[in-house]
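Below is one structure, written out as structure tokens; the observations come after it.
The values are calculated or read from the model by the stated rules, or taken from the named source; none is laboratory data. Values in this document were obtained by computation on a predicted structure and should not be read as measured data. Every residue, glycine among them, receives a Cβ derived from its backbone with ideal geometry; neighbour counts consider all protein chains shown. Just the protein is used for accessible areas: all its heavy atoms, side chains included, with ligands, DNA and RNA removed. Shrake-Rupley method; radii C 1.70, N 1.55, O 1.52, S 1.80 Å.
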Amino acid sequence: MSLLAHLPNGLLVVVIVLVASALALVPYLLARRVMLARADQHSKDLAGSVLFRIGALHSLILALIFAQELLNFSEARHAMTREATLVGDIYYDLERYDGEATASIRAHLVGYTGIVLEREWQGLAREGRLDEEAWAEWGHVYEAILDLVPESLRQEALRDIMVAQARELSELRINRETAALIGTNELFFFAAITGIVVMSIGYFPFPPTPVNLTLLLLFGVYTGLVLYFIVAFSNPFSAPGFVEPLRFERLLEAMRGAG
């Protein structure tokens, strides 16, 4: 799985579709050669019944894997939106607290956002790791907020809110890294591949006419496309199925404009 995820997108879809197509045709031809002499009409009837049940299980497995990847993608997108919102809230709350005294803290927030956009997103796609400099910028912000000395109830309330938001920001960063590392469970992927092979073998009583071979090939191609989408969404920070940091882009533009 990790090797597949690092292939270029065009090559990735070709490899997966070709492998799935081969798994849909080759076991059928081998099984027909080995078992056809022992088959009769009852074997064909039984094969149809068994294939119906295996096909249902195979579809369910693919649906579960695909749904899990979409859930991971959705959670990563929600975490990105929440993280950008927190950064923006802290930035503008610092300005409300004391615009002049907190200018350096806000500069660290701008630096943090720039690193997330320019380096960290790509690092999560390649290695599934957070950027150490982004952590350092977050640490500067958190320490500076803790060191603020409120002079009014308004400032005290804002400081408490910003401390909680900064701590939540750390949690969301860890969630981002986890989403990049978790990937697709290889056992589910193995079950999906096994399903293709088992169904291919089950078709051996049916003659290899051009129409039948075309149908088997279509089955392999479509299953390969589904597996490609699963691999594509396995890392929500890597193309083609990735979370675009649009909220961070707009936030950085707004903060630089305000600065």
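The table below lists the values:
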{"read-out": "Portion, in percent, of the accessible area of the chain that falls on carbon or sulfur, probe 1.4 Å", "value": "63 percent"}
{"read-out": "Sites LEU225 and ASP89 - FRET efficiency at Förster radius 41 Å, r taken between beta-carbons, to 0.05", "value": "0.50"}
{"read-out": "Amide hydrogen neighbours beyond the local backbone of THR102, cut-off 5 Å, H modeled", "value": "none"}
{"read-out": "Neighbourhood charge, 11 Å Cβ-Cβ cut-off, centred on PHE248 and excluding it, Lys, Arg +1 and Asp, Glu -1", "value": "-4"}
{"read-out": "GNM result for the chain, Cα springs below 10 Å: residue of LEU36, LEU225, LEU217 fluctuating most strongly", "value": "LEU36"}
{"read-out": "Approximate shape of the stretch 193-254 as ellipsoid semi-axes (Cα gyration tensor, √5λ), whole Å, largest first", "value": "43, 11, 5"}
{"read-out": "Over the chain, equivalent-ellipsoid semi-axes from the Cα gyration tensor in Å", "value": "56, 16, 12"}
{"read-out": "Fraction in percent of alpha-carbon pairs per bin - 5 Å, the stretch 5-121", "value": "2, 8, 8, 11, 11, 9, 8, 7, 7, 6, 5, 5, 4, 3, 2, 2, 1, 0"}
{"read-out": "Nitroxide proxy distance, nm - points 7 Å out along Cα→Cβ at VAL15 and LEU215", "value": "3.3 nm"}
